[in-house]
Structures are given as structure tokens and as C-alpha cells.
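Below is one structure; the comments refer to it alone.
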Amino acid sequence: MTVSRRGLLAATAAAPVLMRVQDALAQGIAPRRGGTLTSILTPEPPVLQIGVNNQGPTLVAAGKIFQGLLTFSPTLEPIPVLAKSWTISPDGREYVFRLQEGVKFHDGTPMTADDVIFSITKFHFELAPRARAIFALIDKAEAPDPLTVRLTLKQPFQPFLLMFDTSACAIVPKHLFDGQDYRTAPAVQRPVGTGPFRFAEWQRGNFIRLERFADYWKPGQPYLDAIIYRIVPDSQSRRLALETGQVQLTQASDIEPFDVPAMRSRPNLEVSIKGWEYFSPLSWIELNHRVKPLDDVRVRQAISMAIDRNFITQRLWFGVGRPATNPVASTTRFHDASAKIAGYDVKAAAALLDAAGLKPNAQGVRFTLKHLTLPYGEVWTRLAEYLRQSLRQVGIAVELESTDAGSWARRVGAWEYDTTINFVYQFGDPTLGVERTYVSTNIQKVTFTNTGGYANPKVDELFATARNSADPKDRQAAFSAVQKILCEEVPQIWLMEMAFPTIHDKKVRNAITNGLGVHASFDDVFLTA
Amino acid sequence: MKDFWRRYRRNKGAVLGLVILLLVMLMAATAPLLFPGSPWDMAGAPFSPPGEMGMLLGTDSLGRDVAAGIAHGARISLLVGAVSTLAALLVGVTLGAIAGYLGGIADDVVMRFTEFFQTIPSFVLAILLVAIFTPSIGSVVFAIAVVSWPPVARVVRAEFLSLRGREFVQAAEVLGKSRLAIVVTDILPNALSPIVVLSSLMVASAILLESALSFLGLGDPNLMTWGFLIGSGRSVIRLAWWMSVFPGVAIFLTVLALNLVGEGLSDALNPRLARQRGAGA
């Protein structure tokens, strides 16, 4: 599978990205060179070096400076970036990547296989826990020639390619990091990558400016002269900046859900919730199974049935997102649409609680739970209030506890809660993003593990089967079976497949072209006149 | 007493304040009858404007009745105002009495301690205390009491300083009364009128402080308060003005009423001062 830059488009995997340019051409809008795109980052990232920091805002801005070997389409098919082609051996253990020619870092040095191997086996392996867990499977990493990387795995691992997007494994220049402490190397403060834009200026608390990189490996691209990310801490000011045209693009949590309908009605703006397929965050009520009576499956089913997910999606998130149907987001691979949790049914929920022997007292209260409100902003507080009223209808009294972000993470990590809200990225494959919440081997005193303490040997076994088999069919069978079990046992109360609104001026073209949306490199983004 | 009421009545504003305050109290007392059930219940469609769907003051973003929230919130606001003022009075009067009556080193120590609290911006301190002790009704009352006792201590100390040299106090001392008895039965009753006036204003500022804390999301998450209503409605004010305006009016009226009552009390308790003011005006 070889891709030349302009020709042979239709036959190659590069089609989804470059097709957009073709689409634009077909509509009579040729990409226009020039112009500055102004956007917003919330909150301000601590550094722009992927690996040293992998939080949302860092990934958005640094995704323009750095590139990975691949990126992913909305259906999570791999798309070539720095790797122009790749082959996987039939036993699923050997991956050979052919790199693009003529790729230069922003300091002028050419990118070679050495940089790629360094980024995979040293840089991200040491810095990022998520990368380490998976790159630990690499047995051998070799460079037969400067433009070829061969990785041999200890065992087949089918979701392996998903780890090569910029957000998971940005390619960094070996000569600027090797032999130094990666966190304190000077390059962390002035990041150097291969992306279409190079780091220019950062006034803390004010803005980050990225400039067009003239030696970018795609000729003629990028189209924009510069991208400016402004730091605007107040959500209403962000909304105003977008309305007045001071910024042309907002993403992630920049605009609060309740402001989205007003943005939808503005003729010059386009609102999209696409471009989060790779991350696919799923939110749920996190139950601590050590707290009675949450260990009783009937109680968990009752809680799940007492909640109207449509209300949450429509009234709290104003339609930005979809009601969850099972533990695997529907945009993630191996989602089984036939496995579904029971729908909203208050009577059935009350009957289940009666069956569990939890009779209401004189005030109509069966039992009392504490709920640790997720301290990520207003909409989460409203959600907690909604849950309290919904559960009260079936006789479960809920007491809310407020906390700050640091204490929330500490208390969830230490299992010091009855119930709370949690949401995690699923990274395109249940082995990468779903397994960790349900297998008993991952019951740890660490946030975003199986903190609830759910344990079921059958579930453990099915996730292990899916992790270790090389054949997607076997994996689908295991994942389908596990989704059915989880929907019966509802170890956590899934609420919503979250989406974040990307809102941009209609003059901004190609803002979302793949499954990573605004995290993409923007080398094909342009402003119409 | 009759005389007191006659003097109070002379201040028209104070009478109006008293009427408003009594109405607010009535609303607080009858809230469970007027709006049975919890003010958190989602009673109607979210974002209903006032007057629609039988909701007098509209509903909030979850469909909760704003009028029910205001009525039930009155209970919490008045309760927090009263309890935290009582707590602040207890601390302030005690320390002020010690400083004013004993004088000397005790006075120095107590006053430096008081000044220490007065130099810290009170709202910042209140936020800090609530954040440390996690938001609950207890920690909110505690924080408000901690930041509002210093003025009481200073007023009481000043009164005690001027009163303790008077003849009736000296007479009591000669009679061999214990110091505690002198403070409680002789001096304190004579220092009461500024304390009464001050405390009515403290209730008002306590209600404001509680609302400000709830507005910032530092109120008790299980109690409906006016500040919470404004705080939760603020972000959608361009969509639904009624969610924050009506609770704001409730706070405004109550605080205004308390201030008017305070002024009326001051006039009634210090007739000479009131006459001077009247003549001057």
C-alpha cells in the first residue's frame, strides 16, 4: 500500500483526508493560502510537549506541532501520516512501517526511523502510562534502513495500530531528548515536531501562536499562515468571542452545553459533534460495590432503570451527546448494538428494590447513598441534582457531597465514596479503554482503574480472550458476550456517550476531517475569502 | 414598650422594613404548606417562563419551580442569618466584655486578636473556611460567624469602656458584687441597644454572605438557598432571566428590610440621637 501525494487518491487509505480537499474542489472552493485562524484553549495547558503532558488542551494545540505515524477515520480505519504504508505479518506479531520521505523537524533535521523508534520505545514508554502498558509488548524494534521501522511483538495485539496517532505516540526528535531528563529538556519549552505548524510564541495566560512551517513535507500545505490559541477562562467571554468573530473555532468544553442551542441558531456558525470517535468518552454513575446494597445486582438494575437518559441528554446537555446503551460507546469498535441495558421504568425499578428486600420506611426511603459530585463545572452539578431527584422517586435518598478536583481524584482513587460520576476515553477499542473498568485484575487504588471493585471471573476471561486473540472475529465474539453480561449485571450505571461541540465560522473549512477532529494537524484547513 | 413602638413608628421606612421582614418570615413558615414536597422536585417542563404551566415564577433548567425554591430558600437564608449572628454575638460580646471591662493586658491581647481577624478580607476567609471544612450548613454558619464577630467585639468593648467608670458600676463594686455579676446584670443591659442594632445588620450581611457562598457553589449541596438559585441560573441568564432575577429580588428585599429595621431600632433605642438627626434633616 503505497501512497503518492496527489495521484492515485481513490485507491488508497489516504482517501478520507485528502478527499475533503477534493470535495472542496468539486464544490468550486479551492483551498486558499493565507490567513490566521484564531481559536481558544480551555484550560491553558502546562506545556505543549505531548508525552510530558497528555491532557485535552495540550493534545489540541500540540497536535499541530507534532504528528504520529497514523491517524484514524471516523470509523477508526488507519490513515497514513508519517508512515506512508505498513504491513502486518499473518501471525499478527510483526509490524513494518515505511516512513514518508523528506520529512523534516522544525529545526531542519530530517526525521528518520531512529526518531520513530526512540519515540516509541523510550520517550512515550517512559512518560505515558497508557503507552507503556502497550509498548511493553514490543519485543524488538529495528530500523533496517532510515525509512523503515520494524516492530516485533511478544504476542499478537490487534488494537496495536490505534496507539500510533499523534495523541498517543507523537514522533519527537531523538537528538533533542536522548540522554536528558525528558521532562526538563529545553525542547519541552520550545517544542519541535514535524507538523505543519511550528511553535512561535506563548504569552502565559494570554495566547499561544503557531506559525506555518515552510518546509512541511506536503508541498503547498499548510494553507494557513498561523494559528492562535487564546486563553479565555470565563465561559461567557468565550461565547462572546465566538459570537463577535474574534475567534473562529471553539472545541471541547469551550462552549457550555446550554449555550450550544444559541450557537446553532447563528447563521454564520457551524456546530458539529463529530470528530471525537477515537476518544469516545462514556460517562456513568460510578458505584462502589463495597457499599451495601450496591453489591446487589437488583439494586444496580433498579438504579439504572430509575434514570431517564433522554432527559439527561436533551435537557442537561442540550442534545450534545447520545444516551448510553451499553458499556462500549457505539462509535468504538466491537460495540454490539444488540446488547442493551433496560430502559427507563420507575415502576419496575421499585419492584426490583422490593424484591431485594429493601422496603421503604415511613418517609418512603429505602436506603441512603452519598454522591460525590464531579467538580468539573455546572452541568455536572445539575446532573447530580437530577440523579438525586430521580432516585428519590424509587425510594433511594441521595446526599450530595461537594468537593474540588484534586480531592475528587484522591477519594475515588482511595475508594472513599458511595457513588460518583466518572467518564473515561475509550480510545477506539474496548481492550484499550473499556476493559480497565471491569476486570478484577485492575482493582487498584488508582483513579480510572476498576475502582468500583466489580469482579466476575467470566468477564475477566472474556476480556482476556479479546485482548490476546489476533482474529477480529474471535474478539467480536468475546466482546459481544461480555457486553451482554455487563448489561445484565450493570456494574456501573452508564449514562451518556459524550460528545463535545466543535463550533466554527463557516469560513473555516476542513475543521473536522477524521475521527480525531480538532486534534488533527490542520494541514488541510483553510479560510475562504 | 409603648413608648418604644411610638418612636419606632416615627420612622416610616422602618415600619415598611418590618412589614417586609414579617412577610418573608411568614413565607418561610408556610413554605411547606404553600409548596408541599421538595423544592428540588422537577415539577414542570424545564425553562418554562413565569406564568406558564401553572408556575408563577417559572421553572429552572431542570424544571424545578422557582417560586418553591424561593419560599423554601427563605427558611435556610433566615436560619443561617439568625444562627450565625447568634454565634458571632456570643463570641463578640464575650471578648468585647473581657477587653472593655478588664482593660490592661487583657484588653491588648483581645484587641490584637480581633485586629488580626479584621485585617483578613472577610469574604476570602469565609470561602477558605468553607472550602477546608467541605460545604455544609454547619461549615457555612461557622465561616460566617468567624468573619462577623470582630465588629461586635469592638462595639461592646467601647460601650464597656465608657460604662465601667460610671457611678452605678462603682456602686456595685463597693457593694461587693462579683465581677461576672456586674458585667452581666449591670453593664450589659446598658450596652444592649447598640448590640441589638448591630445584630439586625449582621443578619442582613450574613444572608448576603451565605448567598454569595452558595452562588459560588460553596453552599450546602442538599439545601435550597437563594444564592444557589442565582448561581445556577446565572449561566443561562440570557436564555431565562427569571431564574436569577426573582431570587435576587428576594435577597434584595430581605436585606433592605433588615437594614431599615436596624435603622428603626437605632432611632427607637437612642431617642436623643434620632431627634438630632430629625432636626438636622
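The values are calculated or read from the model by the stated rules, or taken from the named source; none is laboratory data. Just so you know, these numbers come straight off a predicted model, no measurement behind them. Backbone-built Cβ (ideal geometry, glycine too); neighbour counts: all protein chains shown.
Working only within the stretch A:505-514, note down all residues that are in a strand (DSSP E or B) and in contact with a helix residue (DSSP H, G or I) (Cβ under 9 Å, 6 or more places away or on another chain). Spell out the reasoning first.
Of the stretch A:505-514, the ones in a strand (DSSP E or B) are A:505, A:508-509.
Scanning the stretch A:505-514 gives A:505, A:509.
Would you mind stating whether residue B:229 is modelled with pLDDT of 90 or more and within 14 Å of another protein chain (Cβ to nearest Cβ)?
Details: modelled with pLDDT of 90 or more: yes; within 14 Å of another protein chain (Cβ to nearest Cβ): yes.
Yes; evaluated as a whole, the condition is true for this residue.
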Inspect all residues belonging to the stretch A:40-53 and state whether any of them is under 18 Å from residue A:502 (Cβ atoms), outside any strand (DSSP E or B) and of a type in the set (S, T, N, Q). yes
Exception for residue A:405 within (1) within 12 Å of chain B (Cβ to nearest Cβ); (2) modelled with pLDDT under 90 falls at (1)
Residues that are surrounded by 16 or more Cβ atoms within 10 Å (Cβ to Cβ) and either within 11 Å of another protein chain (Cβ to nearest Cβ) or of a type in the set (Phe, Trp, Tyr) (or both): does the stretch A:359-366 have at least one? no
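So, residue B:168, is that one modelled with pLDDT under 95, among the aromatic types (Phe, Trp, Tyr) and part of a helix (DSSP H, G or I) or not? Can you show your working first?
Details: modelled with pLDDT under 95: yes; among the aromatic types (Phe, Trp, Tyr): yes; part of a helix (DSSP H, G or I): yes.
Judged against the criteria, residue B:168 is a match.
If you check A:222, A:233, A:257, which single one turns out to be farther than 21 Å from residue A:525 by Cβ, at pLDDT below 95 and away from chain B (no Cβ under 14 Å)? Talk me through it step by step, then tell me what you get.
On the way: A:222 fails: farther than 21 Å from residue A:525 by Cβ; A:257 fails: away from chain B (no Cβ under 14 Å).
Testing whether each residue is farther than 21 Å from residue A:525 by Cβ, at pLDDT below 95 and away from chain B (no Cβ under 14 Å) leaves just A:233.
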So residue A:311 passes all but one of these: (1) free of Cβ contacts under 8 Å to residues at least 40 places away in the same chain; (2) assigned to a helix (DSSP H, G or I). Which condition number does it fail? (1)
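In the list A:337, A:329, A:356, A:324, which residue meets the criterion of being without any contact (Cβ under 8 Å) to a residue 40 or more places away in the chain and either touching a Cys at 6+ places or on another chain (Cβ under 8 Å) or aliphatic (A, V, I, L, M) (or both)? Before you say what the answer is, go through the steps one by one.
On the way: A:329 fails: without any contact (Cβ under 8 Å) to a residue 40 or more places away in the chain; A:356 fails: without any contact (Cβ under 8 Å) to a residue 40 or more places away in the chain; A:324 fails: without any contact (Cβ under 8 Å) to a residue 40 or more places away in the chain.
Exactly one residue qualifies, and that residue is A:337.
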Pairing a residue in the stretch A:205-221 that is at positive phi with any residue that is at pLDDT below 95, where Cβ atoms lie under 9 Å and the two sit 6 or more apart in sequence or on different chains, gives A:205/A:44; A:205/A:231; A:205/A:233; A:220/A:31; A:220/A:33
Checking residue A:378 against (1) away from every other protein chain (no Cβ under 13 Å); (2) farther than 23 Å from residue A:452 by Cβ; (3) surrounded by fewer than 21 Cβ atoms within 10 Å (Cβ to Cβ), which test does it fail? (1)
Considering only residues that are part of a helix (DSSP H, G or I), without any contact (Cβ under 8 Å) to a residue 24 or more places away in the chain and closer than 13 Å to residue B:66 by Cα, which ones fall in the stretch B:232-249? B:244, B:245, B:248, B:249
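Can you name the helices (runs of 4 or more DSSP H) wholly within the stretch B:1-107 that have at least 1 residues being modelled with pLDDT of 90 or more and β-branched (Val, Ile, Thr)? Steps first, please.
On the way: elements: B:2-10, B:12-34, B:66-102.
Answer list for the stretch B:1-107: B:12-34, B:66-102.
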Working only within the stretch B:37-61, note down all residues that are in contact with a Phe, Trp or Tyr (Cβ under 6 Å, 6 or more places away or on another chain), crowded, with 20+ Cβ neighbours inside 10 Å and on the phi < 0 side of the Ramachandran plot. B:57
When residue A:459 is run through (1) touching a Ser or Thr at 6+ places or on another chain (Cβ under 7 Å); (2) closer than 22 Å to residue A:486 by Cβ; (3) assigned to a helix (DSSP H, G or I), the failure sits at (1)
